[in-house]
């Protein structure tokens, strides 16, 4: 009976196209300090942004400065940021924890960069690409996904961006308004299983 209820709960957490609508708490190791970080222990916040990213992916590299700008803009507004690297450092040495920590220091991010080489959390979110962003808000015992997809509409040329999807979703959430584009197609590197 318990297994049956878990299956039903999982089915209900998916949209018709297999998109997750909420996620439960998770814990991963932070490459920066080696400590465990849970979604539930990121502190008081108005929202949490989770970005699946990579040290190796050229598309992810193109977004590093834009991620910095988002962190700088929204941290003081009660938004927490978590970066998650879904790649295995055995397949790509650029993804090892020391390189991840080095990137955080170089970018001046001062946020967790979490290791998910076994892709447990990646699977929870059904993330497919790096970079891929999710905007969460805690509701009850889980976190509702308010937005999923691209950070913006131009991965290659930041100055040519016309739609700032994640920023727009953050602004709407902080103002208590509905998000117009709550699901966009991310452009990036496929996450290898």
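The values are calculated or read from the model by the stated rules, or taken from the named source; none is laboratory data. Please read these numbers as outputs of a predicted model, since none were measured by experiment. Reconstructed Cβ throughout: ideal geometry from the backbone, glycine too, with neighbour counts over all protein chains shown.
Some points to look at:
- Within segment 12-64, being farther than 26 Å from residue 174 by Cβ, exposed (fewer than 12 other Cβ atoms within 10 Å of the Cβ) and modelled with pLDDT under 95 holds for 12, 16, 17, 18.
- Residue ID - modelled with the lowest pLDDT, chosen from residues in segment 126-142 that are surrounded by fewer than 22 Cβ atoms within 10 Å (Cβ to Cβ) and over 16 Å from residue 169 (Cα atoms): 141
- Residues of segment 121-153 classified as in a loop (DSSP other than H, G, I, E, B), touching a helix residue (DSSP H, G or I) at 6+ places or on another chain (Cβ under 8 Å) and free of Cβ contacts under 8 Å to residues at least 40 places away in the same chain, total: 2
- The condition (being under 22 Å from residue 69 (Cα atoms), surrounded by fewer than 15 Cβ atoms within 10 Å (Cβ to Cβ) and under 17 Å from the mean Cα position of the chain (by Cα)) is satisfied by just one residue among 163, 185: 185.
- Positions within segment 166-179 being in a loop (DSSP other than H, G, I, E, B) and within 19 Å of the chain's Cα centre (by Cα), in sequence order: 179
- For segment 102-120, a residue qualifies if it is assigned to a helix (DSSP H, G or I), surrounded by 14 or more Cβ atoms within 10 Å (Cβ to Cβ) and in contact with a strand residue (DSSP E or B) (Cβ under 9 Å, 6 or more places away or on another chain), and the qualifying residues are 103, 104.
- Among the criteria (1) out of contact with any strand residue (DSSP E or B) (no Cβ under 9 Å at 6 or more places or on another chain); (2) in a helix (DSSP H, G or I); (3) modelled with pLDDT under 95, the one residue 99 does not fulfil is (3).
- Considering the conditions (1) loosely packed, with under 13 Cβ neighbours inside 10 Å; (2) part of a loop (DSSP other than H, G, I, E, B); (3) free of Cβ contacts under 8 Å to residues at least 60 places away in the same chain, residue 156 is excluded by exactly one of them, (3).
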